[in-house]
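Student: Sharing a structure here in structure tokens format.
The values are calculated or read from the model by the stated rules, or taken from the named source; none is laboratory data. Computed from a prediction, not measured in an experiment: that's the story for all the values here. For neighbour counting, all protein chains shown are included, and Cβ atoms are generated from backbone atoms with ideal geometry for every residue, glycine included. Side chains included, ligands, DNA and RNA excluded: accessible areas come from the protein's heavy atoms. Shrake-Rupley method; radii C 1.70, N 1.55, O 1.52, S 1.80 Å.
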Amino acid sequence: VILVCCGKAVRAHFWGRSGTVTSGLIFLVTSFYLPLSSLVLRSLRCEWDSCLGESFFVSMPHLSCETDRAVAVRVMAWVLVFVFVLGVPVCLGWVLWRARRSRGRLEDPEVRARIGQLYLCYTEERWWWEASVTLRRLLIAASASLIPMESGITPFALFLFFLVSMELQRALQPYRSVQENRLEFGTLLFLEVNVVGVFSLGVSERSWARQFVAALLVVLDVSWILVLAGVSVRGVAIRLRAKVDAVELDTPLVAEERREG
């Protein structure tokens with residue numbers, strides 16, 4: 001389904017179809033990129049079952065890695081890795097670079113209608129930031145899917161990765177809005193704390209400590225969700241108020257008062 005959507009988006013982009021179709025498909029692909037990439041990458045990893053004496057796919061525990069069907073699964077997984085997992089960041093970066101190459105084309109109304117969601121929220125100097133965000137999602141999916149959590153490497157890699165991401169966010173400030181820059185930094189900090197908390201749950205040997213950390217994470221997660229929901233509702237309210245004001249300013253009475261003034 002995702003491959004068909006990507007194909008339709010590319011065809012609509014180059015053959016002059018509706019910008020709404022392209023924009024909707026880009027939203028679909030970018031929204032589901034992280035979970036689908038994790039699923040594809042998990043299909044490449046097997047875990048040994050000491051009880052049965054053979055290895056099984058992590059994403060499909062019922063399927064042995066030593067059967068003929070396993071070969072077909074690996075082939076399909078590698079195809080999806082190159083076409084979707086690696087193809088989406090490359091495609092997004094190429095589309096942005098191609099639009100940016102022509103001076104002023106990013107401000108073209110037709111281009112804004114098609115791919116505006118990829119760059120309009122960022123500053124003019126950071127027009128490429130959406131490609132880096134997609135690459136960040138790829139690294140998260142690869143770390144969480146290919147490296148076993150029991151090894152201890154995954155929590156350390158994610159901790160270091162989010163730490164670098166926070167520093168880049170603080171230094172570059174890619175969003176046009178100050179509020180969005182703060183929310184992005186807060187989200188990265190929130191993920192960093194969750195990584196530390198989940199790792200603490202795994203290594204702690206005392207039940208009361210695990211319960212305390214779990215309760216703390218639940219409170220933190222719910223609080224941050226409420227903050228994001230509040231910001232979203234406030235943004236919607238501001239947009240609705242602006243539309244109402246615009247409609248009121250266009251009424252015949254207001255127009256007559258303007259002419260009399």
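Student: Considering region 93-129 alone, what residues qualify as being open to solvent by 20 Å² or more (accessible area, probe 1.4 Å), touching a Gly at 6+ places or on another chain (Cβ under 9 Å) and under 21 Å from GLN179 (Cα atoms)?
Tutor: TRP128
Student: For region 144-185, how many residues meet the condition of being over 25 Å from SER59 (Cα atoms) and touching a residue at least 40 places away in the same chain (Cβ under 8 Å)?
Tutor: Qualifying residue count, region 144-185: 9.
Student: Being open to solvent by 70 Å² or more (accessible area, probe 1.4 Å) and not β-branched (Val, Ile, Thr) is the filter here, so list the residues in region 189-217 that pass it.
Tutor: LEU189, PHE199, GLU205, ARG206, TRP208, ARG210, GLN211, PHE212, LEU216, listed by residue number.
Student: Also: Does LEU220 satisfy the condition of being touching a residue at least 24 places away in the same chain (Cβ under 8 Å), surrounded by 12 or more Cβ atoms within 10 Å (Cβ to Cβ), in a helix (DSSP H, G or I) and within 18 Å of the chain's Cα centre (by Cα)?
Tutor: No.
Student: Could you tell me which of the residues ARG101, ARG176 is at pLDDT 85 or above and basic (Lys, Arg)?
Tutor: Sole residue among the options that is at pLDDT 85 or above and basic (Lys, Arg): ARG176.
Student: Taking only region 26-58 into account, find how many residues are of a type outside the set (Phe, Trp, Tyr), open to solvent by 30 Å² or more (accessible area, probe 1.4 Å) and not in a loop (DSSP other than H, G, I, E, B).
Tutor: The number of residues fulfilling the criteria is 11.
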